[in-house]
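A short write-up of the structure that comes next.
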Amino acid sequence: MKELLTEEFLDKATENLIEIANNMSNEVVGIIVDRLKECKTLTASDVNRLKNAIRIADFKKIKQVISEQSGLAVKEIERIFDNVAKENEAMAKTLYEYRDIEQKTYTENKTMGKIVESALKNAKEDFLALSNTTAMELILNGKATNMQKAYNKAIDNAVFALNQGVVDYTQAIRRTVAELSKNGLVVRYESGYRRRLDSAVRMNILDGCRQMSLSMREQQAKEYGADGWEISAHALCRPEHQPYQGRTFSFKDFDRINATIRTPIATGEMNCKHIKIGVIMEINEPAYSDKELKEFNIESNEKVKFTGLSGKEMYKTRYDCSQYMRAVETSIREMKNQKKAYDRFGDKVASRKINREITQRVKEYKRICKEMGISERLNRII
C-alpha cells in the first residue's frame, strides 16, 4: 500500500514518455528555427517566392517527426501500463494467498486482461489525439495558434526583418525564436483550455493509470472476497481528505463518506492521489500508524516561510509550496528549451545569457527547496 502509485513511482514510470513528448516539441520548433536561420542567407523576395514550397517541405518533416516520436511514445505507454498492472497484482498477492485462491496475472485472467486492454487502448488513443497536428498549437506574438499559422507568421517575421534591412537579423528574430521555444507545442482542448504537450501527456497517462488501477483493485476485491477498503495516505493532503486517509472502511461507509464530501477520495477523480485497496477487515493490519497519519496531517497543514524568486518573503502551506515549486520547475524547463533553440539558430549572445539565467534559477530552486525543507526533484528540471 505504501509503495503503490506514489508520486515518486509515477514520476519515474513516466520519465521516458515525458522525454519523448519534449523531444517531439523541441524538434518541431527546431525545424522552424532551422528555416528562420536559412532565411538569413536569402533576400525577402526570395523567401516570399519560395514560401509555399518551403512550408510544404518543412511540414513534411514535421509530420515525420510527430509520426516517429508517436511510435516511440506508444511503445512506452505499453511499458508503463504493464508495469502498473503488475504493481497492482503484487499488492494483492497476500490477500489471494489468505483466501487460498490462485491469483492469475492479467494476461491469464480474462476480466483483468480486458481492464488493462481497455485502459491501454484509451491511453494510446488519447496520446494520438493530443499529438494530432490539428490539436497542437504554438505560441507566437503572444497568441496560441495552429502550427501552420504560427509557421507562416514566423516566416513573415523573417521577411519583415529582411525588408527592413535590419543589420542584425539574429537579434531581430530572437523574440520569435524565444516565443516558439518557451512553451513549445501546446495542446488545445475543446473547452479552449491549453496545456503544454509534455504536461498534457503526463496528466492523461497518470489519469489512465489511476483509473486502470482502480478497476483492477475493484475486480481483485471481488475475487478474494474483500469486505472493506483501505485508503492510502500521504503528506500534502487536501484538508477534507485528512480525516479519512490511511483508514479502513466498510464498503457501505466508504460510499457514505464520498457522498458527503465535496471532492471524492480514492475514486481516481479530481486529481486525487489517494488509492484504495480491498481488505479483509477481520485480518487487516493498517498500513499506517496513528503517529504516521498525525505527522502527515501536521505536514499538510504546516505553513512555511521562504523567500521566493522575486526576493519577496512568502508564507504558504506545504501544499501551496509544492504547487509553487512545480511552477519553478516548469520555468527552468522552458528556459532550457529556449537555450536549445538559440543554439540551433546560432544565437550565441542569447544562448549565453539564458544559460546564466538557468544557472541562477537552478541555484534559487535548490535554495528554496532547502528553505521549505523539501527534496529537490532534479529529474523534473533536466
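Every number here is computed from the coordinates shown, using simple stated rules; none is lab data. From a predicted model like this one, the values you see are computed outputs, not experimental measurements. With ideal geometry, Cβ positions are generated from the backbone for all residues, glycine too; neighbour counts draw on all protein chains shown.
Helix 147-163 and the longest principal axis of the C-alpha atoms of the chain enclose an angle of approximately 30°. In the chain, the calculated helix contribution to ellipticity at 222 nm averages -22500 deg cm²/dmol per residue, counting -39,500 (n - 2.57) for every DSSP H run with n ≥ 4. Between amide H atoms placed 1.01 Å from N, distances below 5 Å from A287 occur with no residue 5 or more places distant or on a separate chain. The dipole here belongs to segment 32-90: it is taken about the Cα centre, uses +1 on the Cβ of Lys and Arg and -1 on the Cβ of Asp and Glu, and is about 600 debye. 3J(HN,Hα) couplings calculated from phi for segment 91-99 with the Karplus curve 6.51 cos²θ - 1.76 cosθ + 1.60 (θ = phi - 60°) are, in sequence order, 4, 8, 3, 5, 6, 5, 5, 4, 7 Hz; Gly and Pro show x.
Residues whose amide H falls under 5 Å from that of R196, counting only those 5 or more places apart or on a different chain, are V187, with hydrogens built in the peptide plane. Under a Gaussian network description of the chain, with springs only between Cα atoms under 10 Å, the residue in V28, V159, V177 that fluctuates furthest is V159.
Multiplying the residue separation of K75 and D168 by 0.36 nm and removing their Cα-Cα distance gives an extension gain of 29.0 nm. Model label sites at N122 and R175, defined 7 Å from Cα along the beta-carbon direction, differ in position by 4.5 nm.
The modelled label-to-label distance for the pair K114/I101, using points 7 Å beyond Cα in the direction of Cβ, is 1.7 nm. Ordered by the number of other Cβ atoms lying within 10 Å of each residue's own Cβ, fewest first, R247, R49 fall into the sequence R49, R247. The modelled label-to-label distance between I280 and T317, using points 7 Å beyond Cα along the C-beta direction, is 3.9 nm. Couplings for segment 120-125, taken from phi via the Karplus curve 6.51 cos²θ - 1.76 cosθ + 1.60 with θ = phi - 60°, read 5, 4, 5, 5, 5, 5 Hz in order; Gly and Pro are left as x. So how tilted is helix 7-39 from the main axis of the chain? Cα-based, degrees 0 to 90, rounded to 10. So the inclination is approximately 10 degrees. With neighbour counts taken as other beta-carbon atoms within 10 Å, the residues T267, T107 rank, fewest first, as T107, T267.
Seen against the Cα atoms of the chain and their longest principal axis, helix 290-301 is set at about 30 degrees. Diffusion of segment 117-267 by Stokes-Einstein, at 20 °C in a medium of 1.002 mPa s and with Rh set to the Kirkwood radius over alpha-carbon pairs, works out to 109 µm²/s.
Extension gain for N152 to S375 (0.36 nm times residue separation, less C-alpha to C-alpha distance): 75.9 nm. Normalised by 2.2 N^0.38 Å, where N is the number of residues, the C-alpha radius of gyration of the chain stands at 1.18.
Hey, fewest Cβ within 10 Å first, where do K370, K273, K104 land in order?
By the 10 Å Cβ count, ascending: K370, K104, K273.
Across the alpha-carbon atoms of segment 305-380, the computed radius of gyration and Dmax are 13.9, 44 angstrom. Taken about its Cα centre, the chain carries a charge dipole of roughly 2100 debye when the Cβ of each Lys and Arg holds +1 and the Cβ of each Asp and Glu holds -1. Computed over the chain, relative contact order equals 18 percent, with contacts defined as Cα pairs under 8 Å that lie 6+ residues apart. Considering only Cα atoms, the convex hull volume of segment 7-224 works out to 117 Å³ per residue.
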